[in-house]
Amino acid sequence: MEDTNDLKRLSLAISFVGILLLTILYLTYSMNQGNSRKELTGSIIKIDEEAYGKTEFNNDKLELKPILDKNVNKESNNVIYISFNVGGSKENNTDQIIYDIALADLNIDCNLLSPYVKWKLIKNGLELSAGSLDYKFDTVKDNRLVLTNMQQDLVKYNEDKSIYDKYEFYMWLSDSCQEENILKCKNNESQKNLLNKKLSGKIEVELYGGSKKELERHPQETLNKETCIE
């Protein structure tokens, strides 16, 4: 009888040890899986800097003079124009990278936070987004203004740069009268306070993982002087 009880105790002990070992193995596997996911979220994501190029801008070498919107083009000598390509770096080791295009390091005269200082962003020949520097359009926060209304998919690295997304950025001072014949304008405003004002910044590509989200703009009711220079 005692032998039978001893066998039962031994069997229970073996079972307990087996369950304990399986639990340890499961926890070890789970921790390793967790580490793998953590490494994935920390993957290197970059753009091809060679294709991206120089994207700083300022109006030191041009005067923002009022222009008809329909006459805005890259040859205009009073239009800020930047062209650049966006594609992934060969160092990237993860898929499904998305990005925003933003204006960064903005240094703006307060007078230029106006509905008449307009911009548009062209992607692969089609207008992707447009707006103005008007504080009633969107808040310039931390010297930054997002241009894209929705994140874009990052094209993977390729030695053939022609497959990358091609962008053109325009910024100009829109004439308060959009008629060729100014006599047809009844309510055109004086824009003298917008002349000879300074503006500088750069275009930046901001990379993310995860899902796309539509941009929520945050217009202001009054001008925040912290977002501009007098």
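Bear in mind these aren't lab numbers, they're just calculated from the coordinates by the rules spelled out. From a predicted model like this one, the values you see are computed outputs, not experimental measurements. Here the Cβ is made from the backbone with ideal geometry for all residues, glycine too, and neighbour counts use every protein chain on show.
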(message) Can you compute 3J(HN,Hα) from phi for each residue in segment 138-149, using the Karplus curve 6.51 cos²θ - 1.76 cosθ + 1.60 with θ = phi - 60°, rounded to whole Hz and x for Gly and Pro?
(response) 6, 7, 8, 10, 6, 6, 9, 9, 7, 9, 6, 7
(message) Through the Karplus equation 6.51 cos²θ - 1.76 cosθ + 1.60, θ set to phi - 60°, convert the phi angles of segment 62-70 into ³J(HN,Hα) values in whole Hz; use x for Gly and Pro.
(response) 8, 10, 6, 9, x, 9, 5, 4, 5
(request) Would you kindly derive the ³J(HN,Hα) couplings of segment 177-186 from the backbone phi angles with the Karplus curve 6.51 cos²θ - 1.76 cosθ + 1.60 (θ = phi - 60°), listing them in order in whole Hz, with x for Gly and Pro? (result) 10, 9, 9, 4, 9, 4, 5, 7, 8, 9
(request) With r as the distance between the Cβ atoms of ILE229 and LYS61 and R0 = 25 Å, compute the FRET efficiency 1/(1 + (r/R0)^6) and round to 0.05. (result) 0.85
(request) Rounded to the nearest 0.05, what FRET efficiency do LYS161 and GLU189 give with R0 = 35 Å and r taken as the Cβ-Cβ distance? Could you check? (result) 0.20
(request) Please list, in chain and number order, the residues 5+ apart from LEU128 or on another chain whose amide H is under 5 Å from its amide H, with Hs placed from the backbone. (result) LEU121, ILE122, LYS123
